[in-house]
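The structure under discussion appears below in the form of structure tokens.
The values are calculated or read from the model by the stated rules, or taken from the named source; none is laboratory data. Just so it is clear, the structure is predicted and the values come from calculations on it, not from any experiment. Virtual Cβ from ideal backbone geometry, glycine too; neighbours counted across all protein chains shown. Note: areas computed on protein heavy atoms with side chains; ligands, DNA, RNA excluded. Shrake-Rupley method; radii C 1.70, N 1.55, O 1.52, S 1.80 Å.
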Amino acid sequence: MKPIPNDEDRLWEQHFFREEPDADFTLEVMRKLEGVSMESAEHGDPFTKKASKSHWMRRTGIAAAAVVILVGAAWFAFDHTAKSTQSTVNAVNNPPLPNIPVPEELKYSYFADDYKRLKPLGLVVNPNINIEDQGYTLKIENVLVDRSQIVMTLQQNAPDGSMINPVYPDLGRVHITDEKGNSIASLSSPGDQTLYSSKYQRFVYQLQDEIPDKVVVRGELSHLKIPSYYNSEKEEFVESSATVDWSFQFNIDMTKAKSLAVEAPMNNTYTTPEGLKLDMTQLVRTPNGTRLDMNISLDDKLRAKVGEDWADDMDLMYHLEIPETSEYRIFNESRPDARQPKFRFRDLSGLSDGGPLKLSVTWDPAFVTVDAKKIHFVLDGYTIPVREEKSVEVNLDKRRKDTNFYTFVEFEQLGDQILFYDFNYEHLWESNDSPKGGGYSLVLKGSGTFRNAFNGDRWVAVDPEGKEYPVEVVGYPDQPNNNGEYVEDDLKLIIRGFYKENGTKFTLKRTVVNREYRDVKWEVDLPSYTSLPWQK
């Protein structure tokens with residue numbers, strides 16, 4: 001095993017890599033970069049919100065290097081620890097995809113590559129669902145199928161041709177079952193949540209361990225209320241009170257998808273010093289990605305520190321090493337701009353009975369070579385919301401008015417440092433955290449440096465009479481600095497419903513911290529294989 005990149009390499013990796021080009025472009029750039037010596041880097045998830053590039057350029061001072069890499073080599077990681085005369089490029093070692101036309105609903109995302117992989121293998125199903133009721137239409141075509149997932153895209157249109165979305169995945173009215181009606185798949189979370197022009201809705205279902213040869217897809221969409229919608233061409237809202245019947249059903253033959261997969265049971269277990277137990281149970285390889293299944297549970301000591309919904313926000317930080325292709329892939333889950341798995345699935349059904357969180361991650365072949373013989377998994381850490389209350393007294397009258405950067409509130413907790421130097425009252429639209437009707441709310445402005453995960457914290461403000469006000473945190477921090485800390489120069493805390501008549505003094509409490517733990521030491525070689533059925 002060659003040395004893994006150091007901390008500096010990880011920062012380069014997280015900064016530079018953003019998207020994946022097609023395979024022909026990859027190979028051409030690799031040829032032109034032979035002999036070029038560069039730092040190790042990788043790309044982040046192309047579907048997450050981008051951090052401010054100006055902050056990053058100012059802090060790192062490597063704008064010139066960024067131009068060089070982004071123009072010619074932003075798609076690859078370079079291992080400067082290699083001792084050969086030429087640089088080792090850890091590009092994905094996959095054959096070029098076939099040059100075939102891609103349906104409109106799959107063109108503008110990585111599902112276009114999925115289509116090109118699966119179509120020649122006979123793993124794209126067209127149920128030809130085209131339902132019209134009172135001029136409202138529902139279309140379903142080109143369902144992507146493998147042993148691991150079923151991906152279905154819905155196109156929904158109003159009579160005037162406008163795109164509407166009355167059917168959402170979380171409505172629970174679309175089911176994947178066996179012939180007896182037993183559920184054999186659950187709604188997963190795709191990395192690509194942004195659909196082209198809001199024209200389509202995408203459903204991704206993860207199949208269970210045991211699946212039948214015949215799968216039934218059923219949409220219970222009778223008495224479906226069509227909401228008011230926006231006509232983008234006319235630039236106006238159209239009122240609607242229609243109720244339609246878009247019910248549908250079709251079957252999928254899973255025999256070929258099952259035959260073109262390799263499943264390997266696993267029994268690798270590790271418990272962190274804080275008491276988080278991670279148990280790998282299965283690795284599934286399909287022509288469209290590699291899926292790792294895990295069970296995660298907490299011992300009594302750690303369980304006492306977290307809330308009931310800990311499994312919703314718990315994330316793993318890990319990287320994969322593939323020595324045969326020099327690939328090094330970091331997956332940091334909730335960290336800003338981090339790469340995400342292609343699909344993520346959390347099964348919380350067993351938690352109420354004391355069972356584990358069942359977590360599955362599927363890696364895209366564009367990031368992790370699907371036919372790699374050896375994949376080395378290294379756990380780097382994890383984040384989990386921990387009850388850790390700390391408070392600070394705030395007096396708005398202490399703010400100086402002759403400068404914008406006089407700190408009148410300082411807050412430190414578990415290595416996080418937050419400074420507030422200004423405030424105002426803003427009229428805010430109603431949100432999930434605001435009182436009914438919205439109104440004016442106090443907004444604290446400042447900056448913060450976070451050693452723990454930025455997202456997932458919970459705050460509350462309490463006035464002298466004991467009344468509590470919900471607090472919303474707003475900010476998009478850059479990538480971690482050289483100390484692994486998130487830096488947010490434009491941090492806002494919105495104290496919903498707190499206005500001038502509520503006074504100038506209150507207590508600001510942080511009640512839950514999304515703690516980041518790095519004190520882990522666990523590495524696992526994932527199961528290999530003797531042959532891959534789709535390559536025969």
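When the residues of segment 266-279 are narrowed to those that are farther than 28 Å from Ile211 by Cα and hydroxyl-bearing (Ser, Thr, Tyr), which ends up least open to solvent (accessible area, probe 1.4 Å)? So, considering only residues that are farther than 28 Å from Ile211 by Cα and hydroxyl-bearing (Ser, Thr, Tyr), the one least open to solvent (accessible area, probe 1.4 Å) is Thr272.
Considering segment 236-260, and only residues there that are polar (S, T, N, Q) and outside any strand (DSSP E or B), the residue that is least open to solvent (accessible area, probe 1.4 Å) turns out to be Ser240. Out of Gly354, Gly381, I need the residue that is open to solvent by 30 Å² or more (accessible area, probe 1.4 Å) and under 19 Å from Met294 (Cβ atoms). Which one? Result of the check over Gly354, Gly381: Gly354. Out of Val443, Val512, Val524, Val473, report the one residue that is aliphatic (A, V, I, L, M), open to solvent by 50 Å² or more (accessible area, probe 1.4 Å) and outside any loop (DSSP other than H, G, I, E, B). After applying the criteria, what remains is Val473. Would you confirm, using the coordinates I've provided, whether Lys500 is modelled with pLDDT of 90 or more and farther than 30 Å from Ser259 by Cα? Answer is no for this residue. Taken over segment 476-508, the residue count meeting the criterion of being in a strand (DSSP E or B) and open to solvent by 20 Å² or more (accessible area, probe 1.4 Å) is 6. Only one entry of Glu210, Glu263, Glu233, Glu179 meets the criterion of being touching a strand residue (DSSP E or B) at 6+ places or on another chain (Cβ under 8 Å), in a loop (DSSP other than H, G, I, E, B) and either touching a residue at least 12 places away in the same chain (Cβ under 8 Å) or open to solvent by 30 Å² or more (accessible area, probe 1.4 Å) (or both), and that entry is Glu179.
Taking (1) modelled with pLDDT of 95 or more; (2) under 19 Å from the mean Cα position of the chain (by Cα) in turn, Leu348 satisfies each apart from (1).
If you go through segment 266-299 one residue at a time, how many are touching a residue at least 40 places away in the same chain (Cβ under 8 Å), farther than 18 Å from Gly381 by Cα and part of a strand (DSSP E or B)? Count: 9.
With respect to the conditions (1) at pLDDT 90 or above; (2) out of contact with any helix residue (DSSP H, G or I) (no Cβ under 7 Å at 6 or more places or on another chain); (3) farther than 30 Å from Leu302 by Cα, Glu472 falls short on a single one, namely (3).
From the set of residues in segment 68-118 that are surrounded by fewer than 18 Cβ atoms within 10 Å (Cβ to Cβ) and of a type in the set (Lys, Arg), which is modelled with the lowest pLDDT? Here the answer is Lys83.
It is to be established whether one or more residues within segment 192-200 are open to solvent by 20 Å² or more (accessible area, probe 1.4 Å), of a type in the set (Gly, Ala, Ser) and either in a loop (DSSP other than H, G, I, E, B) or farther than 15 Å from Val151 by Cβ (or both). Checking segment 192-200: at least one residue is open to solvent by 20 Å² or more (accessible area, probe 1.4 Å), of a type in the set (Gly, Ala, Ser) and either in a loop (DSSP other than H, G, I, E, B) or farther than 15 Å from Val151 by Cβ (or both). Do the conditions hold for Phe345, that is, is it within 21 Å of Leu260 (Cβ to Cβ) and part of a loop (DSSP other than H, G, I, E, B)? It is false that Phe345 is within 21 Å of Leu260 (Cβ to Cβ) and part of a loop (DSSP other than H, G, I, E, B).
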